[in-house]
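**Q** Pasting a structure here, questions to come.
The values are calculated or read from the model by the stated rules, or taken from the named source; none is laboratory data. It should be emphasised that the depicted structure is a prediction, and the values quoted were computed from it without experimental measurement. Reconstructed Cβ throughout: ideal geometry from the backbone, glycine too, with neighbour counts over all protein chains shown.
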Amino acid sequence: MARKLRVLHAAGEAVPLAKTGGLADVVGSLPRALVENNTDARIVIPGYKVALEAAKKLGRVKVHPQQMHIEAGGHVHQVGVAEIILNKVRYYMLVCPELYERDGLYGPVPNEDYDDNARRYSVFAKAVLALPTFIKWVPHIIHAHDWQAGLIPPLLERGFGNDLPATRCVFSIHNIAYQGTMWHFDMKLAGLDWALFNHMQLEHNGQFNYLKAGVVFADRVTTVSRRYADEILTPEFGAGLEEVLQHHHYKVSGIHNGIDTQVWDPENDPEIAMPFSAKDLSGKKDCALALRKELGLVTDTKACLVGVISRLVEQKGLDLVLETVEPYVLSGRMQLVVLGSGDPVLEHGFHQLAASHPGWVTFWRGYNEGLSHRIEAGSDIFLMPSRFEPCGLNQMYSMRYGTLPIVRYTGGLADTVTDVLVDNGTGFTFGPADVGYFSSAIDRALGLFEHYPKEWAAAQVRAMAVDNSWQHVSQEYEELYRELVFL
Ligand code: ADP
Ligand code: GLC
């Protein structure tokens, strides 16, 4: 039998302790699947206020009596370690109140950064590398995710983890648009040799770039879908790092995300009005009625119920929704439910749309986990017209709930949704991010929904049958880890 692998996942967030987006879903659920497959996978995140509070509510938290002493730019931070086991996975939280115990994760409000993020995630990287000796558990692999963990590969390679000579590093890019670009003098916090501050290594446009650091120094780089792995080699999607990725192309690969099929399970979801399955979809109608009632939508209608759950940012292409949906609503063919927050201009747009069409459009501003399940369960269609999408999770949650997604053909959306009309698929895809193409995808979807109920139901059953579980996907990571450490 193969020897047991030890893998430490390091990231800025992980469910159920801290989340701003899909990164947290992935970091919280991939290790669980690895553990179920006999890998010793653990997670380390900063000890944010929300994370420490959530942990206390969820179980028994063990606080180590000693502290690690982590130096950054001449100042020594005392970093404690709190630990909890959730769903068989051990989570470590690095406790340093002066750096992490604040109201936000990365900034006081979404889309705003704390001034000292360079220090916060420099200390995080060093503390992650000091952790194995501290807890007397040495991983074969450190799997670092996104810019928040970007300094782990160079620090490890340059011997910061003195006690980790054989540990290898995988770095995953979840979204190349967020790079952690810092002032060049922040190099002092990392304590890395100034000779590395050059265009081939840590420097990018005069700044210290944490994501680039991760790409350049990791043993292997992964991103969250095959298509996105190709896209980021081009200027359109590479966000300025395309040449760096081309240079390191030999070690880059794409593995699309899985989903947590226990948390997202229409047959067993405590958040929804009535369970349902591919064999018996009748409960989905009850979920639709309950959702309409919950949100004050007109119930006496055959209109298609369309859902959106998203961060409201440029990436997600939701301006196209604002520009496109009104005629369908006015003609009584569509009701729209939007859950999300972010860009004030988009928020204002959805408020206006809802105010103009009471009973037909609702906008729930903010973050609401329970409602996100009820929207997936009750909607007929889910919209995801992203301009770019490294992987995307909601299209997969939608498919599992028999809610057919309309997606732009990009990144992980293109890898996970096939078009119903072209090849017996599981949703609807469109090409250019333009109102005309988007409307024609909506026309096709509404046409099928309104006139071909049998074909619609067959597509729902096909969508629900797709296996996007981590059990399936995590094997690709395990193979990659084993290649690196010859286990
Ligand atoms: P991204 O990470 O780019 O935001 P993903 O599709 O990978 O996109 O993941 C988004 C995750 O965040 C999903 O789990 C989605 O359900 C959740 N989410 C986004 N906005 C909200 C919201 N307002 N309320 C509840 N969940 C949300
Ligand atoms: C990022 C991407 C999203 C992806 C998620 C998890 O936030 O925007 O597409 O699904 O990370 O990998």
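**Q** For Gly370, are the conditions met, namely being at pLDDT 95 or above, over 27 Å from Gly425 (Cα atoms) and within 12 Å of ligand 1 (Cβ to nearest atom)?
**A** Answer is yes for this residue.
**Q** Give the residue, chosen from Gly340, Gly366, that is touching a Ser or Thr at 6+ places or on another chain (Cβ under 8 Å), closer than 25 Å to Val26 by Cα and within 16 Å of ligand 2 (Cβ to nearest atom).
**A** Just one listed residue meets the conditions, Gly340.
**Q** Only one residue in Lys284, Lys316 is buried (at least 21 other Cβ atoms within 10 Å of the Cβ) and within 16 Å of ligand 2 (Cβ to nearest atom). Which one?
**A** Lys316
**Q** Within the group Arg32, Arg90, Arg120, Arg42, which residue is outside the structural domain of Ser341 (by TED's automatic domain parsing), in contact with an Asp or Glu (Cβ under 7 Å, 6 or more places away or on another chain) and in contact (Cβ under 8 Å) with a residue 24 or more places away in the chain?
**A** Details: Arg32 fails: in contact with an Asp or Glu (Cβ under 7 Å, 6 or more places away or on another chain); Arg120 fails: in contact with an Asp or Glu (Cβ under 7 Å, 6 or more places away or on another chain); Arg42 fails: in contact with an Asp or Glu (Cβ under 7 Å, 6 or more places away or on another chain).
Going through Arg32, Arg90, Arg120, Arg42 in turn, just one is outside the structural domain of Ser341 (by TED's automatic domain parsing), in contact with an Asp or Glu (Cβ under 7 Å, 6 or more places away or on another chain) and in contact (Cβ under 8 Å) with a residue 24 or more places away in the chain: Arg90.
**Q** Then there is this: Could you go through region 412-423 and let me know if any residue there is in a loop (DSSP other than H, G, I, E, B), more than 20 Å from the chain's Cα centre (by Cα) and either aliphatic (A, V, I, L, M) or more than 21 Å from Leu371 (Cβ to Cβ) (or both).
**A** Yes, some residue in region 412-423 is in a loop (DSSP other than H, G, I, E, B), more than 20 Å from the chain's Cα centre (by Cα) and either aliphatic (A, V, I, L, M) or more than 21 Å from Leu371 (Cβ to Cβ) (or both).
**Q** Of all residues in region 219-239 being within 15 Å of ligand 2 (Cβ to nearest atom) and hydroxyl-bearing (Ser, Thr, Tyr), which is surrounded by the fewest Cβ atoms within 10 Å (Cβ to Cβ)?
**A** The selected residue is Thr222.
**Q** Since Ala14 meets every condition but one in (1) more than 14 Å from the chain's Cα centre (by Cα); (2) touching a residue at least 60 places away in the same chain (Cβ under 8 Å), which condition does it not meet?
**A** (1)
**Q** Please specify each residue of region 10-23 satisfying the condition of being over 20 Å from Ser310 (Cβ atoms) and either outside any strand (DSSP E or B) or not assigned by TED's automatic domain parsing to the domain that holds Thr223 (or both).
**A** If the condition is that a residue be over 20 Å from Ser310 (Cβ atoms) and either outside any strand (DSSP E or B) or not assigned by TED's automatic domain parsing to the domain that holds Thr223 (or both), then Ala11, Pro16, Leu17 are the ones that fit.
**Q** Further question on the same structure: Going by the conditions given, is Gly402 small (Gly, Ala, Ser) and either without any contact (Cβ under 8 Å) to a residue 12 or more places away in the chain or assigned to a loop (DSSP other than H, G, I, E, B) (or both)?
**A** Spelling it out, Gly402 is indeed small (Gly, Ala, Ser) and either without any contact (Cβ under 8 Å) to a residue 12 or more places away in the chain or assigned to a loop (DSSP other than H, G, I, E, B) (or both).
**Q** Still on this structure, I have one more. Considering only region 410-422, I want to know if a residue exists there that is closer than 21 Å to Leu322 by Cβ, within 16 Å of ligand 2 (Cβ to nearest atom) and not aliphatic (A, V, I, L, M).
**A** yes
**Q** Cβ contacts < 6 Å: first residue in the same structural domain as Leu189 (by TED's automatic domain parsing) and in contact (Cβ under 8 Å) with a residue 12 or more places away in the chain, restricted to region 55-77; second residue part of a strand (DSSP E or B) and small (Gly, Ala, Ser), any location; separation 6+ or different chain. Result?
**A** Val61/Ala82; Val63/Ala82; Gln67/Gly80
**Q** Also, I was wondering about something else. What's the number of the only condition in (1) in a helix (DSSP H, G or I); (2) touching an Asp or Glu at 6+ places or on another chain (Cβ under 9 Å); (3) of a type in the set (Phe, Trp, Tyr); (4) more than 23 Å from Leu34 (Cβ to Cβ) that Phe237 fails to meet?
**A** (1)
**Q** Specify which of the listed residues (Tyr401, Tyr477, Tyr452, Tyr481) is among the hydroxyl-bearing types (Ser, Thr, Tyr) and surrounded by fewer than 16 Cβ atoms within 10 Å (Cβ to Cβ).
**A** On the way: Tyr401 fails: surrounded by fewer than 16 Cβ atoms within 10 Å (Cβ to Cβ); Tyr477 fails: surrounded by fewer than 16 Cβ atoms within 10 Å (Cβ to Cβ); Tyr481 fails: surrounded by fewer than 16 Cβ atoms within 10 Å (Cβ to Cβ).
Every option except Tyr452 fails the conditions.
**Q** Suppose we keep only residues that are surrounded by 24 or more Cβ atoms within 10 Å (Cβ to Cβ) and out of contact with any Pro (no Cβ under 8 Å at 6 or more places or on another chain) within region 134-145. Which one would you say is nearest to Leu241 (Cα to Cα)?
**A** Only one residue fits best here, namely His145.
**Q** Follow-up question, since we're still on this one. Among the residues of region 240-249, is any in a loop (DSSP other than H, G, I, E, B) and within 16 Å of ligand 2 (Cβ to nearest atom)? Break it down into steps so the answer makes sense when it comes.
**A** Quick first cut of region 240-249, residues in a loop (DSSP other than H, G, I, E, B) only: 240-241, 248.
When the remaining residues are screened for being within 16 Å of ligand 2 (Cβ to nearest atom), the result is 241.
Yes, region 240-249 contains at least one residue that is in a loop (DSSP other than H, G, I, E, B) and within 16 Å of ligand 2 (Cβ to nearest atom).
**Q** Still on this model: Limited to region 169-217, what total is found for residues that are of a type in the set (S, T, N, Q) and either in contact with a Cys (Cβ under 6 Å, 6 or more places away or on another chain) or crowded, with 20+ Cβ neighbours inside 10 Å (or both)? Give the steps one after another, and end with the answer.
**A** Pass one, region 169-217, residues of a type in the set (S, T, N, Q): 172, 175, 179, 181, 198, 201, 205, 207, 209.
Applying the additional criterion that residues be either in contact with a Cys (Cβ under 6 Å, 6 or more places away or on another chain) or crowded, with 20+ Cβ neighbours inside 10 Å (or both) yields 172, 175, 179, 209.
Qualifying residue count for the region: 4.
**Q** What pairs come out if I take residues in region 334-348 that are of a type in the set (Ser, Thr, Tyr) and pair them with residues that are within 16 Å of ligand 2 (Cβ to nearest atom) and part of a strand (DSSP E or B) whose C-beta lies under 8 Å away, six or more apart or interchain?
**A** Listed pairs, sorted by first residue: Ser341/Arg311; Ser341/Leu312.
**Q** Also, quick follow-up: Within region 193-225, which residues are assigned to a helix (DSSP H, G or I) and either free of Cβ contacts under 8 Å to residues at least 12 places away in the same chain or more than 16 Å from ligand 1 (Cβ to nearest atom) (or both)?
**A** Looking only at region 193-225, we keep the residues that are assigned to a helix (DSSP H, G or I), and these are 194-196, 210-217.
Correct list: Trp194, Ala195, Leu196, Tyr210, Lys212, Ala213, Gly214, Val215, Val216, Phe217.
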